[in-house]
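Worksheet: the structure to be examined is printed underneath.
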Amino acid sequence: PLTQYVDEARRRIDLALQTYTAMDEGCPPSLREAIQYSLLAPGKRLRPILALMAAEACGGNMAAAMPVACAVEMIHAYSLIHDDLPAMDDDDLRRGLPTCHRKFGEAVAILAGDALLALAFEVVAKDVAPLETAAASCAALAQAAGACQLVGGQADDVLGGWENGGIEALERLHQRKTGAMIRVSLRLGGMTAGAEPWQLEALDAYG
C-alpha cells in the first residue's frame, strides 16, 4: 500500500539525512545543531519521496536515488531557514517549533542555510554514479534552485513583483518558488535510473 511505501521511504530518508549531517570536528557544534534542528525536523519529505518514486518508476532503485533525494531536502530546508528570517517572511514558528533564527540567532541560521546549500551539491557530486549523471544532476539542481527558479520566486515574493500581475503572476511565482523543486526532484530521480528523454519529459509534466 502507498502508506506503507511512504512511511518506509521517509524512514530511509531520515536515516540518510542523519548520516549526512553527522559532520566532522571541523563543524562548530552550534552550527551542527542548527543544521540538524532544521533538516531533521518532522516533515512530509515530499520532495525526496518523489525523487525515490521517480527512480523506481524508471527502473532504478532507492539506494541509487537516495543522494539526490537527500540533496533536494537539504535545498528545501535551506530555503525555509532563509525564508523565515526577519528580512524575509519574519516567521517565529516552523512546523510548530521555533524557527532556526529564533532558536539559534540570525547569524547561525544564515550559516546553517548556507551549509545545507553547499552540502546538497557535495552529496550529489560525491555519491551519485556515474560521474556524468552526477554532473548533470548538479546542473539540474543548481538551475532549479537558482535565480530564475526558486530564488527568483523568493525574490518576487519578498519584493512584491507579483502583486499587480493578477492570478497569472501569482501562479508564475509559485511555479518557481515551489514548483521548480518539485519538478527537479522527479527529474533527478529519473536521471539516477538512466531514464530516457521521454521519461524525463513525462516526469517533468507530472511535476
| note | Restricting to Cα pairs under 8 Å and 6 or more apart, the percent relative contact order of the chain works out to 25
| request: Work through the residues other than residue 138 whose Cβ is under 15 Å from its Cβ and net out their charges, Lys, Arg +1 and Asp, Glu -1. | output: -1
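Please report, ordered by residue number, every helix of the chain (full DSSP H runs) that is 24 Å or longer along its axis going by C-alpha atoms and whose mean Kyte-Doolittle hydropathy reaches 1.0. The partial results should precede the final answer.
Working: long enough: 2-20 (27 Å, -0.59); 62-83 (30 Å, 1.05); 106-127 (31 Å, 1.34).
What comes out of the filter, once short or polar helices are dropped, is 62-83, 106-127.
Once you list every other residue whose beta carbon is under 13 Å from the beta carbon of residue 22, what net charge do they have if Lys and Arg are +1 and Asp and Glu are -1? Write down the numbers at each step before the final one.
Values: positive: 32; negative: 24, 25, 33.
Neighbour charge sum, excluding residue 22 itself: -2.
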| query | What GluC sites (Glu not before Pro) does the stretch 64-168 have in DSSP loop regions with at most 14 other beta carbons within 10 Å? | reply | 163
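Using helices alone, what [θ] at 222 nm do you get for the chain, with -39,500 (n - 2.57) per DSSP H run of 4 or more residues, divided over all residues and rounded to the nearest 500?
Values: 11 runs with 152 residues, N = 207.
Taking each H run of at least 4 residues, the total per residue is -23500 deg cm²/dmol.
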| field | the stretch 113-176: mean projected area of Cα convex hull, nm² | value | 4.8
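Quick check: convex hull of the Cα atoms in the stretch 89-199, volume per residue, rounded to a whole Å³? If you can, show how the numbers build up before the last one.
Working: hull volume 15.2 nm³, N = 111.
Roughly 137 Å³ of hull volume per residue.
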| field | Nitroxide proxy distance, nm - points 7 Å out along Cα→Cβ at residue 89 and residue 158 | value | 1.4
| message | Going Cα to Cα from residue 103, which aspartates and glutamates come in below 14 Å? Please leave out same-chain ones fewer than 8 positions away. | response | 33, 84, 90, 91, 92
| request: Within the stretch 21-109, list the trypsin sites (Lys or Arg not before Pro) lying in a DSSP loop whose Cβ has at most 11 other Cβ atoms in a 10 Å radius. | output: 44, 95
| request: Sort out for me the Cα centre separation of the stretch 135-207 from the stretch 7-41, rounded to whole Å. | output: 25
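For the stretch 98-178, give the percent of accessible area contributed by carbon and sulfur heavy atoms, probe 1.4 Å, rounded to a whole number.
On the way: 2510 of 4360 Å².
Carbon and sulfur atoms account for 58 percent of the accessible area of the stretch 98-178.
Keeping every protein chain present and rolling a 1.4 Å probe, give me the accessible area per residue for the chain in Å². Intermediate results must be reported in sequence, preceding the final value.
Numbers: 10310 Å² over 207 residues.
For the chain, the solvent-accessible area averages 50 Å² per residue.
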| Using r as the Cβ-Cβ distance of residue 63 and residue 2, and R0 as 25 Å, what FRET efficiency do you calculate, to the nearest 0.05? | 0.75
| task | For the stretch 1-113, just say rounded, prolate or oblate: build the C-alpha gyration tensor, square-root its eigenvalues into a ≥ b ≥ c, call rounded for a/c under 1.5, and beyond that prolate if a/b exceeds b/c, oblate if not. | result | prolate
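The values are calculated or read from the model by the stated rules, or taken from the named source; none is laboratory data. Note that this is a predicted model, so its numbers are computed, not measured. So basically every Cβ, Gly included, is an ideal-geometry build from the backbone, and we count neighbours across all protein chains shown. Accessible surface areas use protein heavy atoms only, side chains included; no ligands, DNA or RNA. Shrake-Rupley method; radii C 1.70, N 1.55, O 1.52, S 1.80 Å.
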